[in-house]
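Shown next, in structure tokens, is the structure this report addresses.
The values are calculated or read from the model by the stated rules, or taken from the named source; none is laboratory data. Every value quoted in this text rests on a predicted model; they were computed, and no experiment measured them. Glycine also receives a Cβ, built like all others from the backbone with ideal geometry; neighbour counts cover every protein chain displayed.
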Amino acid sequence: MLHISICDDERIAVEKMQRIVENVLEQEQLPAKLENFENGEEFLKQYVIRDDELVILDLDMPVKNGIGVLQELEKIQRNEVVILVTAYDNLALKTFSYGPFQIVRKEQMEEDLPKAIGRFLNIRKRNQEELEFRIKGELIHVKLEDIVYFEKYKHQVYVHLADQTVLTVRENMQDFEKELAGKGFVRTHAAYIVALRYCRKFEKNDIVLEGDVKVPVSRERRQMAKEQFMISRRR
């Protein structure tokens, strides 16, 4: 079940956010558990990584503000599940290096927060999609969000998963590229397709993934791969 945390020290703002969230969930007919927190420290004390979560976070709070929370979430690569809410543009600018999901202005919250939640739910739905692999006669289903990258070597494709499992399949990279189009993957090289969610930085000839794994980027795919990487970091 989706778990949604709302973190803001202003009671009126929390009530408004909760009402907006409940309206979106009702429209989507989606069950979820909602929790409210008054400041960043209170939120972090109880925080555990959940497979299915959304955090709606105010930037300007006492004790520990939203930037402090982002710094902690960045360490465990969970900023993609955050929607930031702020009344101050200067604070929002300071968060860009942490790559939050989206920033919403409080004065436009009624209009923009439902859109931000809708985008999150669309990405969530996409990540919950699965690929089907046939391995030694057995059909195996793997969630897209669990796939880190594909590696072609000779006549086989190695599918590297987040838990460090590697599946070996006899498939065509062109078929994977078509099937994964628009789903958060980019082909960086004739022999590699990577999941943008696991990309940490872009270097001249490589993309660096979690765990400092380097995947090559070919010259002809460099510009496109870099553009997709930058777009993914702004989400």
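The condition (being surrounded by 15 or more Cβ atoms within 10 Å (Cβ to Cβ), of a type in the set (Ser, Thr, Tyr) and outside the structural domain of Ile76 (by TED's automatic domain parsing)) is satisfied by just one residue among Tyr153, Tyr158, Tyr192: Tyr192.
Condition check ((1) at pLDDT below 95; (2) aliphatic (A, V, I, L, M); (3) part of a helix (DSSP H, G or I)) across all residues:
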| residue | (1), (2), (3) |
| --- | --- |
| Lys64 | yes, no, no |
| Glu80 | yes, no, yes |
| Leu121 | yes, yes, yes |
| Arg126 | yes, no, yes |
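Among the residues examined, His189 does not qualify as out of contact with any Phe, Trp or Tyr (no Cβ under 7 Å at 6 or more places or on another chain) and either at pLDDT below 95 or within 30 Å of Ile83 (Cβ to Cβ) (or both).
Looking for something surrounded by fewer than 21 Cβ atoms within 10 Å (Cβ to Cβ), over 17 Å from the mean Cα position of the chain (by Cα) and aromatic (Phe, Trp, Tyr) - is there at least one such residue anywhere in the stretch 29-40? Break it down into steps so the answer makes sense when it comes.
The initial filter retains those residues of the stretch 29-40 that are surrounded by fewer than 21 Cβ atoms within 10 Å (Cβ to Cβ), namely 29-36, 38-39.
If we keep only those that are over 17 Å from the mean Cα position of the chain (by Cα) as well, we get 29-36, 38-39.
If we keep only those that are aromatic (Phe, Trp, Tyr) as well, we get none.
Within the stretch 29-40 (the criterion being surrounded by fewer than 21 Cβ atoms within 10 Å (Cβ to Cβ), over 17 Å from the mean Cα position of the chain (by Cα) and aromatic (Phe, Trp, Tyr)), the answer is no, since none of the residues qualifies.
If the condition is being assigned to a loop (DSSP other than H, G, I, E, B) and closer than 14 Å to Gly184 by Cα, then the stretch 201-235 contributes only Arg235. Candidates are the residues of the stretch 1-41 that are more than 20 Å from Leu59 (Cα to Cα) and assigned to a loop (DSSP other than H, G, I, E, B); the one that is modelled with the lowest pLDDT is Met1.
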